[in-house]
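Working notes, structure below.
The values are calculated or read from the model by the stated rules, or taken from the named source; none is laboratory data. Values in this document were obtained by computation on a predicted structure and should not be read as measured data. Don't worry about glycine lacking a Cβ; one is built from the backbone with ideal geometry, like all the others, and counts go over all protein chains shown. For accessibility, only protein heavy atoms count, side chains too; no ligands or nucleic acids. Shrake-Rupley method; radii C 1.70, N 1.55, O 1.52, S 1.80 Å.
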Amino acid sequence: MTHSKDANYPRKEFRKIMKKSAVFFIIVLLIISTFSFAQEKNYEPLDLAMFPKAETGFKQVYIQVPVVENEENYKIELHVGKEALVDCNQHFMNGQLSELNLDGWGYTYFKVESDGAISSTKMACLDSKLERKFITLTPQLVRYNSKLPVVVYIPENFSVKYKIFKASDALLDAKAIELKQDLPQLGRIEYQIINNYFVKNTVKKGQKHKIENQKEFDALFGAAATMGKDGKPTAIDFKKQNVIAIIGNRTNYKTSYEIKGIAMGAMGVVVVTYKTNKGTKMTYSIRPFTAVTIDKDLTGKIIFNEIK
């Protein structure tokens with residue numbers, strides 16, 4: 001009896017395994033059927049009857065995309081072209097993909113205008129190996145719309161492939177470029193601030209300009225030497241230097257001009273960036289000014305850029 005039970009044991013286990021397998025197989029079939037049904041229900045009914053028939057030498061192809069939530073976050077990228085044997089260069093199809101209106105319906109469709117010619121870069125390939133690649137017109141992004149097919153008319157020897165892009169649900173923040181107004185743009189120019197001068201009383205109005213010789217300078221400024229190590233007026237050599245001066249009108253407010261930077265701009269112009277600092281009212285008046293020396297080889301027009 002013990003021998004008989006041992007002999008039947010493998011058969012019973014085999015039956016159990018088969019029953020489990022059958023149940024698992026039925027579950028898999030149900031899942032596949034449900035998924036297929038869901039897929040079928042995920043597409044809108046398709047109607048192409050309103051679109052024109054393809055012309056001679058052309059064929060009509062279409063793309064239908066499934067219904068998804070937030071379709072505005074999706075895009076379809078069309079790749080229209082044909083396969084060709086090509087070398088190592090970058091190749092592209094000549095022509096264009098035009099979007100046309102379907103009169104009376106408010107829909108659009110696409111039509112390829114191309115003679116099938118292929119252009120390429122002209123690099124020298126290391127070998128003569130050719131590869132079969134799908135050569136396309138410039139890819140084109142179109143609206144994702146599950147309610148309407150994307151209909152494209154292409155030459156008979158062309159085909160259409162496509163990609164679907166989905167935008168991230170998260171809105172990302174753009175980063176602002178901080179414009180440092182205290183620094184000039186383009187090529188930086190070295191300069192030296194001149195000290196221990198004053199504006200002569202004969203200078204009636206405020207002005208900003210470049211001074212190229214000693215005579216011009218002496219007409220505007222007088223030396224104001226003071227005691228101490230740094231009391232001498234800054235030496236200026238007009239054979240090698242020019243002076244850029246900003247002279248303000250007479251005022252009884254504490255006022256100064258601060259040079260923030262000097263730079264070489266487009267077409268050789270010299271851009272002087274400065275700031276006006278205005279303080280409290282005083283019991284006397286002054287002639288605020290600032291002046292700097294730059295290299296005499298900088299002969300371009302001077303542009304004064306005041307920042308706040």
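Side notes on the structure shown:
- Per-selection Kirkwood Rh - segment 98-211 (Cα, Å, 1 d.p.): 23.3
- With a threshold of 18 Å on the Cα-Cα distance, the over-threshold entries among LYS208/LYS260; LYS210/LYS278; LYS200/LYS260 are LYS210/LYS278; LYS200/LYS260.
- 1.4 Å probe accessible area per residue over segment 108-229, in Å²: 75
- Pairs with C-alpha atoms separated by more than 19 Å, drawn from the list LYS229/LYS275; LYS129/LYS161; LYS75/LYS161; LYS111/LYS133, are LYS229/LYS275; LYS129/LYS161; LYS111/LYS133.
- Distance distribution P(r), segment 76-136, all Cα-Cα pairs, bin width 5 angstrom from 0: 4, 16, 21, 18, 14, 10, 7, 5, 3, 2, 1, 0 percent.
- Summarising the strand pairing of segment 232-308, around 75 percent of its internal DSSP beta bridges are antiparallel.
- Radius 9 Å from Cβ of GLN140, net charge of other residues (Lys, Arg +1; Asp, Glu -1): -2
- Nonpolar atom fraction for segment 181-287, defined as the carbon and sulfur part of the 1.4 Å probe accessible area, stands at 51 percent.
- Relative intensity, log₁₀ I(q)/I(0), of segment 219-278 from a Debye sum that treats every alpha carbon as a point, q = 0.17, 0.22, 0.24 Å⁻¹: -0.92, -1.22, -1.23
- Ranked packing of 269-281, 157-169, most packed first, by mean Cβ within 10 Å: 269-281, 157-169
- Dimensionless Rg ratio for segment 126-285, taking C-alpha atoms and the 2.2 N^0.38 Å reference: 2.13
- Sites matching chymotrypsin sites (Phe, Trp or Tyr not before Pro) across segment 90-157 that sit in DSSP coil, with at most 15 neighbouring C-beta atoms within 10 Å: TRP105
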